[in-house]
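Written out below as structure tokens is the structure these notes cover.
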Amino acid sequence: MTVKTLAIASDHGGVELKSTIAETLKKRGIEVLDLGTDGSASVDYPDYAQAVAKALIDGKAEAGILVCGSGIGMSMAANRYPQIRAALVHDRLSTELCRQHNNANVLCLGARLIGEATALDCVDTFLSTEFEGGRHEGRVAKMSCSV
């Protein structure tokens, strides 16, 4: 996946991991659009999922990363938008598959469930894995339809 700008956000449960990921991406030369949060005060994760979704929809970023305690809430909130294909991953294989088969454009991570090294491996895999297309294209198109 070719990404020049990546939108990233977290709730209070994922702020530390989000910061680590953002710094790693900046060192790789990727422009990071950090949409918050920046502290430990309790916030509502759907607001941050919406911010990342809007950045992708508006063309301000080519991909996104969302981090919360489990990653579940962020993935559910982000997938409310027909243009978003957010995937909650836990390891390299689930990350490869979300890109190869589902053309995921938002990576969701659970800061309380995976360690920093695994999270960074998932980020690297997300950015380096291409969508296979072919038999998967029709299935992905069905996910982008609004009812």
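Computed from the coordinates by the stated procedures, all read-outs in this text should not be read as laboratory data. Because the structure is a prediction, the values reported are computed rather than measured. Here the Cβ positions follow ideal geometry from the backbone for every residue, glycine too, while neighbour counts run over all protein chains shown.
Quick look at the numbers
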| read-out | value |
| --- | --- |
| Among Val43, Val67, Val123, residue whose mean-square fluctuation peaks in a GNM of the chain (springs only between Cα atoms under 10 Å) | Val43 |
| Glu132 versus Arg112: modelled label distance in nm, points set 7 Å from Cα along the beta carbon direction | 3.4 nm |
| Relative contact order [Cα under 8 Å, 6+ residues apart], segment 1-137, whole percent | 26 percent |
| Label point distance in nm, Glu23-Val3, each placed 7 Å from Cα along Cα→Cβ | 1.9 nm |
| Cα gyration tensor, segment 61-102 - rounded (a/c under 1.5), prolate or oblate | oblate |
| 5 angstrom amide H check on Leu88, placed H, neighbours 5+ away | Cys108 |
| Sorted by Cβ density within 10 Å, fewest first, the residues Arg85, Arg135, Arg28 | Arg135, Arg28, Arg85 |
| Long-range amide H partners of Ile65 with built H, under 5 Å | Ala7, Ile8, Ala9, Leu107 |
| Relative frequency of Cα-Cα separations exceeding 23 Å in the chain, percent | 25 percent |
| GNM flexibility winner over the chain from Lys27, Lys54, Lys18 (Cα, springs under 10 Å) | Lys27 |
